[in-house]
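Asker: Mind looking over this structure? Questions follow.
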Amino acid sequence: TDFGFERVALAEKQARVDDVFRSVAKRYDLMNDLMSAGLHRAWKAQLIAMLRPPQGRPFHHLDVAGGTGDVAFRVLDAGGERTRVTVLDVNEAMLRVGSERAGQRFGERIAFVTGNAETLPLPDAAFDAYTIAFGIRNVPRIDLALSEARRVLKPGGRFLCLEFSNVDLPVLDKIYDAYSFHVIPRLGARVAGDAESYRYLVESIRKFPTRGAFAGMIERAGFRHVTHRALSGGIVAIHSGWKI
Ligand code: SAM
């Protein structure tokens, strides 16, 4: 194998992803609502319902690929006074929008950190839970991101991943294909002025492993009691695992 070539390919993938999110950062939240017809809100609500941040005790949460902070804000709203969230993303443009959106609302309970999911700039066993929503698909080496997730979790910590998945209902898959290949790039062009970025995102959804295959990767990273749940006919799925 030509490892030099592979390294360049991985760096190119990340560079491509960085361009996409730098270009859409300001319009990202609006695009999410338009593209998913608001469904991403229900999917994120389900993620938080599974996480159930506690009310009374300290809870330190890490949201990776946290972008504009949407998941983090929901964790803070659902948790108690002693819930703290670290939002990590490779893209400073996304984090900047997030920190502006947060304003003074959560005070010291939220922190924004620039970093890569593959090499988290965070200590071992520091977090009670880890979430990644619509992020892992963009990470070039998913296995590294998963082992890093496990490293930073405390024993007993929870891993939750919300990601696009495979639609396998006979009619819905046709509708979904038409929507992905025609509507999404057009919306991207109209609203974010960038059809190419959204075409790339649609492609990355196609390439992502099936629910079963992804569950296997999570298990190989050392997580236990790995489960997955399809939402909206498999358009997205939530995978869960525990560090025991
Ligand atoms: N989690 C947010 C949400 O659900 O609204 C944002 C999701 S957005 C589709 C994907 C995010 O992943 C972008 O903000 C992007 O910068 C980030 N990202 C891409 N590659 C990454 C990496 N290697 N490490 C950390 N974040 C990454």
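Nothing in this text is a laboratory measurement; each read-out follows from the coordinates by a stated rule. Source: prediction; values computed, not measured. Every residue, glycine as well, gets a Cβ built from its backbone with ideal geometry; the counts of neighbours run over all protein chains shown.
Asker: If ARG105 meets every condition in (1) closer than 22 Å to ARG57 by Cα; (2) surrounded by 16 or more Cβ atoms within 10 Å (Cβ to Cβ) apart from one, which number is that one?
Answerer: (2)
Asker: Would you kindly identify the helices (runs of 4 or more DSSP H) lying entirely within the stretch 181-227 that contain at least 3 residues that are among the small types (Gly, Ala, Ser) and farther than 29 Å from SER23 by Cα?
Answerer: Where helices (runs of 4 or more DSSP H) fall fully within the stretch 181-227 and carry at least 3 residues being among the small types (Gly, Ala, Ser) and farther than 29 Å from SER23 by Cα, they are 211-220.
Asker: So, one more: Going through ALA129, ALA149, ALA93 one at a time, which residue ends up being crowded, with 20+ Cβ neighbours inside 10 Å, touching a residue at least 40 places away in the same chain (Cβ under 8 Å), among the aliphatic types (A, V, I, L, M) and closer than 19 Å to VAL17 by Cβ?
Answerer: Details: ALA129 fails: closer than 19 Å to VAL17 by Cβ; ALA93 fails: crowded, with 20+ Cβ neighbours inside 10 Å.
None of the others qualify; the one that does is ALA149.
Asker: Ok, one more. Go through the stretch 143-176 and count every residue that is small (Gly, Ala, Ser), part of a helix (DSSP H, G or I) and under 15 Å from the mean Cα position of the chain (by Cα).
Answerer: Pass one, the stretch 143-176, residues small (Gly, Ala, Ser): 145, 147, 149, 156-157, 165.
Subset that is part of a helix (DSSP H, G or I): 145, 147, 149.
The next check asks that each one be under 15 Å from the mean Cα position of the chain (by Cα); those that pass are 145, 149.
Summing the residues that are small (Gly, Ala, Ser), part of a helix (DSSP H, G or I) and under 15 Å from the mean Cα position of the chain (by Cα) in the stretch 143-176 gives 2.
Asker: Could you grab the pairs with beta carbons closer than 6 Å, sequence gap of 6+ or different chains, first residue in the stretch 205-227 and more than 21 Å from VAL152 (Cβ to Cβ), second one aliphatic (A, V, I, L, M)?
Answerer: As it stands, the answer is ARG211/ALA237, since those pairs meet every condition given.
Asker: Given GLY115, GLY135, GLY79, GLY66, which one is more than 9 Å from the ligand (Cβ to nearest atom) and either closer than 25 Å to GLY234 by Cα or of a type in the set (Gly, Ala, Ser) (or both)? Even if it seems obvious, please write down each step before you answer.
Answerer: Numbers: GLY115 fails: more than 9 Å from the ligand (Cβ to nearest atom); GLY135 fails: more than 9 Å from the ligand (Cβ to nearest atom); GLY66 fails: more than 9 Å from the ligand (Cβ to nearest atom).
Testing whether each residue is more than 9 Å from the ligand (Cβ to nearest atom) and either closer than 25 Å to GLY234 by Cα or of a type in the set (Gly, Ala, Ser) (or both) leaves just GLY79.
Asker: Let me ask something else about it. Within the stretch 153-187, which residues are of a type outside the set (Asp, Glu), surrounded by 15 or more Cβ atoms within 10 Å (Cβ to Cβ) and within 30 Å of THR119 (Cβ to Cβ)?
Answerer: LEU153, GLY157, ARG158, PHE159, LEU160, CYS161, LEU162, PHE164, SER165, ASN166, listed by residue number.
Asker: Continuing with this model, one more query. Criterion first (within 11 Å of the ligand (Cβ to nearest atom), closer than 27 Å to HIS228 by Cβ and either free of Cβ contacts under 8 Å to residues at least 60 places away in the same chain or not basic (Lys, Arg) (or both)) does THR86 satisfy it?
Answerer: Details: within 11 Å of the ligand (Cβ to nearest atom): no; closer than 27 Å to HIS228 by Cβ: yes; either free of Cβ contacts under 8 Å to residues at least 60 places away in the same chain or not basic (Lys, Arg) (or both): yes.
Judged against the criteria, THR86 is not a match.
Asker: I want to confirm something. Restricting to the stretch 160-197 and keeping residues that are of a type in the set (Ser, Thr, Tyr) and touching a residue at least 24 places away in the same chain (Cβ under 8 Å), which single residue is nearest to the ligand (Cβ to nearest atom)? Please lay out each step first, then the result.
Answerer: Within the stretch 160-197, the first condition is being of a type in the set (Ser, Thr, Tyr), and the residues that meet it are 165, 176, 179-180, 197.
Still in the list and also touching a residue at least 24 places away in the same chain (Cβ under 8 Å): 165, 176, 180, 197.
On the way: SER165: 14, TYR176: 18, SER180: 15, SER197: 11 Å.
In this case the residue turns out to be SER197.
Asker: Would you say THR210 is polar (S, T, N, Q) and more than 22 Å from ARG41 (Cα to Cα)?
Answerer: Details: polar (S, T, N, Q): yes; more than 22 Å from ARG41 (Cα to Cα): yes.
Against the criterion (polar (S, T, N, Q) and more than 22 Å from ARG41 (Cα to Cα)), THR210 qualifies.
Asker: Which one of these does ALA49 not meet: (1) closer than 23 Å to ALA237 by Cα; (2) within 15 Å of the ligand (Cβ to nearest atom); (3) not polar (S, T, N, Q)?
Answerer: All conditions pass for ALA49, except number (2).
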